[in-house]
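Below: one structure, written as structure tokens.
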Amino acid sequence: MAQAEQTDQTSGTAPARNKAPLIFGLGLALLGGGGGFYAAFNDLLPFFSAGDRVVADDAARSDLSDLAFVPIEPLVIALSKDGRTRHLRFRGELEVQPEFEPEIVRLMPRIMDVLNTYLRALSIEDIEDNSALLRLRAQMLRRVQIVTGRTGINDLLIIEFVLN
């Protein structure tokens, strides 16, 4: 027995540790994760109730019936870099409140002008970026809302955005 203890000390290996706390902690983590999944999946959590999502979806659907869509004439923009010309084709629609539709249609030449001016000022790198479409959409919507006085326009929908 004394020789066995001596070989452990001379070989440099540490004595075996008790792994019970590690196994106990792993078991608690699995049990907690499983319980959390069960509670979320069966709507037992009051702040993540599926019933709230259904009410929100119904409210959103009722708002959609009170919308009108005003088409924007297609724009073809020539963009050049290093003597090479590429074309951007843009087509979109404006989501407006129905009572403002005639005013938006009346202001369409001004809207086309501000979109055309903005898109011509862009570089090809601005358009080819992965997050470009979201940023460009927000910028175009902001400019259209400024031109129209921010009344009645809810959103700018991009129907076609092609760079060839």
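Within the stretch 91-164, considering only helices (runs of 4 or more DSSP H) that don't extend past its boundaries, which have at least 2 residues that are of a type in the set (A, V, I, L, M) and under 20 Å from Pro71 (Cβ atoms)?
Per the criteria, 101-106, 108-120, 132-148.
Examine the stretch 73-82 for a residue that is assigned to a strand (DSSP E or B) and farther than 16 Å from Leu163 by Cα, and state whether such a residue exists.
Yes, the stretch 73-82 contains at least one residue that is assigned to a strand (DSSP E or B) and farther than 16 Å from Leu163 by Cα.
Look through Glu95, Glu99 and report the one residue that is acidic (Asp, Glu) and surrounded by fewer than 16 Cβ atoms within 10 Å (Cβ to Cβ).
Exactly one residue qualifies, and that residue is Glu99.
Looking only at residues in the stretch 98-152 that are touching a residue at least 40 places away in the same chain (Cβ under 8 Å) and polar (S, T, N, Q), which one is farthest from Arg84 (Cα to Cα)?
So, considering only residues that are touching a residue at least 40 places away in the same chain (Cβ under 8 Å) and polar (S, T, N, Q), the one farthest from Arg84 (Cα to Cα) is Thr151.
What's the number of the only condition in (1) at pLDDT 80 or above; (2) over 23 Å from Phe161 (Cα atoms); (3) of a type in the set (A, V, I, L, M); (4) touching an Asp or Glu at 6+ places or on another chain (Cβ under 9 Å) that Ala14 fails to meet?
Checking Ala14 against (1) at pLDDT 80 or above; (2) over 23 Å from Phe161 (Cα atoms); (3) of a type in the set (A, V, I, L, M); (4) touching an Asp or Glu at 6+ places or on another chain (Cβ under 9 Å), the one that fails is (1).
Looking only at residues in the stretch 80-92 that are free of Cβ contacts under 8 Å to residues at least 60 places away in the same chain and either hydroxyl-bearing (Ser, Thr, Tyr) or touching a helix residue (DSSP H, G or I) at 6+ places or on another chain (Cβ under 8 Å) (or both), which one is surrounded by the fewest Cβ atoms within 10 Å (Cβ to Cβ)?
Ranking the candidates gives Thr85 first.
Filter the stretch 69-85 for residues that are over 26 Å from the mean Cα position of the chain (by Cα) and at pLDDT 90 or above; which is farthest from Thr117 (Cα to Cα)?
Of everything passing the filter in the stretch 69-85, Glu73 is farthest from Thr117 (Cα to Cα).
The values are calculated or read from the model by the stated rules, or taken from the named source; none is laboratory data. What you see is a predicted model; the values in this text were computed from it and never measured. Here the Cβ is made from the backbone with ideal geometry for all residues, glycine too, and neighbour counts use every protein chain on show.
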